[in-house]
Structures are given as structure tokens and as C-alpha cells.
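Notes follow the structure.
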Amino acid sequence: MASLVAPGPVRVVSRRVDFLVRRSPGSRLLWSLPIDAILAISEGVRDALVRSGIPAAAITVVPSGIDLVAHAGGNRERTRAREGVHPGEVLVLQVAALAPHKSQRDLLRAARVALDRRADLGLRFWIVGEGPLRRELEAEHERLGLGDRVRFLGFRDDVHDLVAAADLFCVSSYLEGMGTSTLDAMAAGLPVVATRVGGIPEIVEDGVTGILVPPRDPESLARGVLDLAGDPGRRERMGQEARIKVGAFSADRTAERTRAAYEAARARLTQ
């Protein structure tokens, strides 16, 4: 809004979520302002903007990136011992805000299905993160009788260690712009079971770096988890492929492409 008063600045909007826009008065006002460029973090976010009536030509996709160097290390055995995970147990990890679109309720129901079908696998589920749905999800956890097989770890500052301790990563969202936590897990060599929504298929290649399932389908999510939990060799192969795939999503590459998009917008303004 301030840039409208002082001529000259390039106005760029960055969009990280795949919610539709122009669905409320505030959103309609924002997207009616003069905007010189729109940066979307994935093709999934771009598609949501186009479905909302934003011209495709105004949108540049600049994928999210992570610090790949920061994911070296992490003490698997020490973390598992500290958190009470026994040798041979299969640990499924999710790192996400406890918010509606992350759909942890589906993960809890999938966990119940998986535990009932394959008690022999020693499955454990950790859900890392805080959010407004904490009490509702804890009530669902109790209703399903999940006990200590599924734990809410809340906010943690040792996520790299938790990722290192895990055997596979799980995404249950029904909306997801891309998911840097998924990139973090892949950088650590974890295969991923995720919903086929938003930008997730751009980073998780079905059958190669993980398994993609329909959103809001706990049964399919449970099958994906069990497929990988019961096959250590497949987890290892997918984890290796995940490390290779995530190399294309470095923070440095994101910075370069973001700068190029800003420079292009500025060049158009001066033409």
C-alpha cells in the first residue's frame, strides 16, 4: 500500500500456500492492487492462483530451498535411545503445524489402521509441531486408543536429530504449497509417504523417493506407511534417491532465482 504513494518500487508478491485467493474482501483488495510480479513456490501454488483468476503470465515459479549443508549429521542411536525407541522399531515422523490443512486427524486414523494390521513391525509415530488443533487431536488420539505408539512432541529445537532418528517421513496434508519439512527429511535420506496435493508431487516422485496417496484417505495413507515400514531395503533405496532429488532445492538456488525474478520485474518497469 505504501509503495503506491512513492513511485518507483517494484511490487512483488510471494505466495507459499496453495489456498485459493480472492475469496474474502481483504484478499480481493490485495489482489486488485498493482503488482509487478508474483512468485509462487511450486507449480501447485501457481495452479491455485490461476484457478483464482490470476493471469498465468504474471506468475514465476521459484521453488523453495533449504540449507543442504545443515542436514549433515544427527545422532540416530542416541536420539532413539533418549526418546525410548527400541532397536528394530520403525519410526514414522511428521513435522508440521497442528492446523486444519495439515490433516493430522487423518494421520492418527491411518496410524490406528497400520498398528492394527501389523503389530509385529513395532511402529511408532511422532508428530512434531504446535498449533490450534492440539487439544482436538489429543482427544482423537485418546478416542482411538493410540497410547504411546503415537506421540505429540510439540515444538522442538532438535528437529535434525529427530529426523535422523526416523525411518520414514509422513505428510497428511490436504493442502500444501510444497513443504520445506519434506525437503529437510529427504535431505536426511528419509523416504516419504505423502498426499498427492499442491507442490508435493514436484518433490516426492511416486515409487522413487516415496509413495503418494490421495488426500483425506487414512486407509491409503496407512497402506503407504506399511508398504515402506515392512521393507527396509526399499526404504534405503528411496532414501538414497531422495538425497539426490533434493539437491535441486538448495537455498542458494532459490536465492538466485528470486533475485533473477526481481531483476526481471525491475527491467520491465523501466522499459
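Calculated [222 nm] ellipticity per residue, helices only, for the chain: -12000 deg cm²/dmol; basis is -39500 (n - 2.57) per DSSP H run with n ≥ 4, divided by all residues, nearest 500. The amide H of GLY131, built 1.01 Å from its N in the peptide plane, has LEU98 as neighbours under 5 Å, considering only residues 5 or more places off or on other chains. Considering every alpha-carbon pair of segment 179-271, the percent of pairs per 5 Å bin, from zero through the bin containing the longest distance, is 3, 14, 20, 18, 15, 9, 7, 6, 4, 3, 1, 0. Given 37 °C and 0.692 mPa s, compute D for segment 158-207 with the Stokes-Einstein relation, Rh being the Kirkwood radius over Cα pairs; round to the nearest whole µm²/s. For the chosen part, D equals 299 µm²/s. Count Lys and Arg as plus one, Asp and Glu as minus one, and take only other residues whose Cβ is under 9 Å from that of GLY154; the net charge is then +1.
The Cα atoms of segment 16-62 give a gyration tensor whose axes a ≥ b ≥ c have a/c of 1.5 or more with a/b no greater than b/c, which makes the shape oblate. If R0 is taken as 22 Å, the Cβ-Cβ distance between VAL208 and ASN75 corresponds to a FRET efficiency of 0.20.
Amide H to amide H distances under 5 Å link VAL213 with ALA194, THR195, ARG196, where only residues 5 or more positions off or on other chains count and H is placed in the peptide plane.
For segment 118-228, taking the reciprocal of the average inverse distance between every pair of different Cα atoms yields a Kirkwood hydrodynamic radius of 14.8 Å. Among beta bridges identified by DSSP and lying wholly in the chain, the antiparallel ones come to about 0 percent.
Across the chain, Cα pairs under 8 Å and at least six residues apart give a relative contact order of 22 percent.
When the Cα gyration tensor is reduced to axis lengths a ≥ b ≥ c, the ratio a/c is 1.5 or higher for segment 1-112, and with a/b above b/c it is classed as prolate.
Computed from the coordinates by the stated procedures, all read-outs in this text should not be read as laboratory data. Everything numeric in this text was worked out from a predicted model, so none of it was measured. Note that each Cβ is placed from the backbone with ideal geometry, even for glycine, and that neighbours are counted across all protein chains shown.
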